[in-house]
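*Asks:* Would you mind keeping the following structure in view while I ask a few things?
Every number in this text was worked out from the coordinates using simple rules, so none of it is lab data. Small disclaimer: the values here were computed from a predicted structure and weren't measured. Because the Cβ atoms are built from the backbone with ideal geometry, glycine has one as well, and the counts that use them run over all protein chains shown.
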Amino acid sequence: MKKLNIAIIGLGNIGSYLYRYLNDNKNILTEKNNCLPYVKYVSAKNKKRKRNIKINKKQWLNNYLDATKIQDVDLIIELIGGSEGPAKKLVFNALKNGKHVVTANKALIAKYGDQLAKIAEEKRVNLEFEASVCGGVPIIRSLKEGLIANKINKIYGIFNGTSNYILSSMDKKNKDFIEVLSDAKKLGYAESNPSADLNGDDVSSKLKILSSLCFNSFLNNNVYVEGIKDIDKIDINNANKLGYKIKLLGYAELLNNKIYQRVHPTLIKKESYVASIDGVLNAVIIDGKPVGQSTIQGEGAGPAATTSALVSDISSILRGNIKFPFSLSIKERKKLKFENISQRYFSAYLRFEVIDKPGILSNITNIFSKNNVSIKRLVQNPDKNKKSSSIIIITHKSKDFFLNKILKEVSKKKYIKRKPKLIRIDDN
């Protein structure tokens, strides 16, 4: 029986779960893949940390980089995290020394994926990263294999469980952002520093990877990114009254040979499929020909979901399949044009909190008119006690550049009480 010697580097919640899973399921994985996965070495920053697994002293590496030099290591699983430092050193060295690599590190792949893919190709080893995008949702293998016959023109969806949990909880439990964030931390859905989840960076990294796979292009940093920190209960309630839900969505679209990548809160129709995805679930929707629209949903994070994706990658290597990390060889991938979204057209929700005085509404609508943005719907909610008024405007499809210009222009006015809001609408 063939054997594949594995080194797991990083033994946090995911690394420990994977270690236990590989040991407990050795026989079934061997039967399915005709090759024995054997965890030969492990390494972690804190060796003394309490873990619910038994590790033989001989398995410990004092220096994690030794895994890249030891001859009897075939596969290195990187679970350190981060795009720089130890994770970067480990993966670059491992590939250069002819070791297969499996990683859950989206930040590393989004930043250095093209360079790493080139080395993997030269050394004829696998670089697998299913677990880097949407945890247990098998989107990367689907794009590489299951949907290989399709020309994909759009991929979008909910790629971050933390932000989805926060927005859906604000809606269902009628709590404000800070309360729900606190709940998410207690439940383990949000990290102690959740800034990458809340500001959209996490989704941005995942989107770059998906974009590259969908359009056979190199990774590109031209992504419009906006997070959920400015969404409050008033926006959630307004969306409900208008027949929408608010979700943080990532989009990558190929239009006229140009790719547009964007991440932002979006108003979507209540009856749409994506609006029903709540909690920490992720959902990915792919538009392609000839398949039409395909949807995959599932757990986007956590040790169990991530291990599911990691084992999928490990099994691919156990079977002895050498594949290009991004489906095509570096020579065949394209340098497509990536555009920013300023010239794209969107319907939008704009909210202005103003002093309640005659003439203000007329002033705001004049600014819209001046910027060639036509108003589809207008709602005014005066609060006589506070001598203020909330003005909500839904626009017809308008150029993104002008929508943002209106926002900047109105925000400078003395009658504005709070920073105005702009949320794009997806009417599909």
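*Asks:* Compute a Gaussian network model of the chain, connecting alpha carbons closer than 10 Å, and tell me which residue from G227, G146, G135 fluctuates the most.
*Replies:* G146
*Asks:* Once the Cα atoms of helix 106-123 and of the chain are each reduced to a long axis, what angle between those two axes, in degrees from 0 to 90 to the nearest 10, is obtained?
*Replies:* Rounded to the nearest ten degrees, it is 40.
*Asks:* A further question follows. Too long at a 22 Å Cα-Cα cut-off: which of K151/K399; K111/K186; K270/K405; K154/K399?
*Replies:* K151/K399; K111/K186; K270/K405
*Asks:* Still on this structure, I have one more. Which net charge results when you count Lys and Arg as +1 and Asp and Glu as -1 among the other residues whose beta-carbon is under 10 Å from that of N371?
*Replies:* +2
*Asks:* Run through the DSSP bridge list for the chain and note the antiparallel percent, rounded to the nearest 5.
*Replies:* Percentage antiparallel, nearest 5: 65.
*Asks:* Using a Gaussian network model on the chain with a 10 Å cutoff between Cα atoms, which of L310, L95, L378 fluctuates the most?
*Replies:* Sorting by GNM fluctuation, first place goes to L378.
*Asks:* I want the local charge near V73. Using Cβ-Cβ distances under 13 Å, sum +1 for each Lys or Arg and -1 for each Asp or Glu among the other residues.
*Replies:* Around V73, the charge tally is 0.
*Asks:* Something else: Local charge sum around L147 (other residues, Cβ-Cβ under 14 Å, Lys/Arg +1, Asp/Glu -1)?
*Replies:* +3
*Asks:* Same structure, new question: Debye sum, Cα scatterers, the chain, no solvent: what log₁₀ I/I(0) at q = 0.07 1/Å?
*Replies:* Ignoring solvent entirely, the Cα scatterers give -0.39.
*Asks:* So which residue, out of I268, I394, I416, gets the largest mean-square fluctuation from a GNM of the chain using Cα contacts under 10 Å as springs?
*Replies:* In this elastic network of the chain, the residue with the biggest mean-square fluctuation among I268, I394, I416 is I416.
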